[in-house]
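Let me begin by presenting the structure, written as structure tokens, before commenting on it.
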Amino acid sequence: YRARLRFFIDLMTGHGMQIAVQPDAAFFTLWKVPTRAFGISITSAEQFNFLMIERTGLIGVHFDPQYIRYAVCADVEALSSEIDDAFKQAEVSYE
């Protein structure tokens with residue numbers, strides 16, 4: 001899972017996502033919720049998660065108002081094209 005995590009973290013940070021906790025080995029990753037996505041202001045993890053689901057099909061688990069968890073249980077390398085497309089559409093930022 002360490003290689004899978006590294007691949008996924010590199011993919012996500014390449015799209016501007018900020019990791020909240022750097023895991024050594026785990027099934028999940030925890031991310032700070034961006035303040036903007038899809039050209040609109042984001043006010044909570046729940047809002048961001050539902051926008052991602054609705055607009056891209058990418059499902060996370062929202063925590064607190066400011067964190068989202070994404071699993072790395074699946075073969076993220078095989079899914080990288082879909083993940084990449086989802087975050088290209090989202091155009092996240094933390095401004």
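Here, each number is a calculation from the coordinates, and none is a lab measurement. It should be emphasised that the depicted structure is a prediction, and the values quoted were computed from it without experimental measurement. Note that each Cβ is placed from the backbone with ideal geometry, even for glycine, and that neighbours are counted across all protein chains shown.
In the chain, helical runs assigned H by DSSP with n ≥ 4 each contribute -39500 (n - 2.57); averaged across all residues and rounded to the nearest 500, the mean residue ellipticity at 222 nm is -11500 deg cm²/dmol. Restricting the calculation to Cα atoms, every distinct pair contributes to the Kirkwood radius of the chain, found to be 13.1 Å.
Computed from phi, the 3J(HN,Hα) profile of segment 4-11 under the Karplus parametrisation 6.51, -1.76, 1.60 (θ = phi - 60°) reads 5, 4, 4, 4, 5, 4, 4, 4 Hz, with x in place of Gly and Pro.
Could you work out the local net charge near Lys88, counting Lys and Arg as +1, Asp and Glu as -1, over the other residues with Cβ closer than 14 Å to its Cβ? With Lys, Arg at +1 and Asp, Glu at -1, the net is -3. The H on the amide N of Tyr67, modeled in the peptide plane, is under 5 Å from the matching H of Val33, Ala45, each at least 5 residues off or on a different chain.
Helix 45-56 and the long axis of the chain differ in direction by around 80°, with both axes built from C-alpha atoms.
The angle separating the long axis of helix 80-90 from the principal Cα axis of greatest extent in the chain is about 20 degrees.
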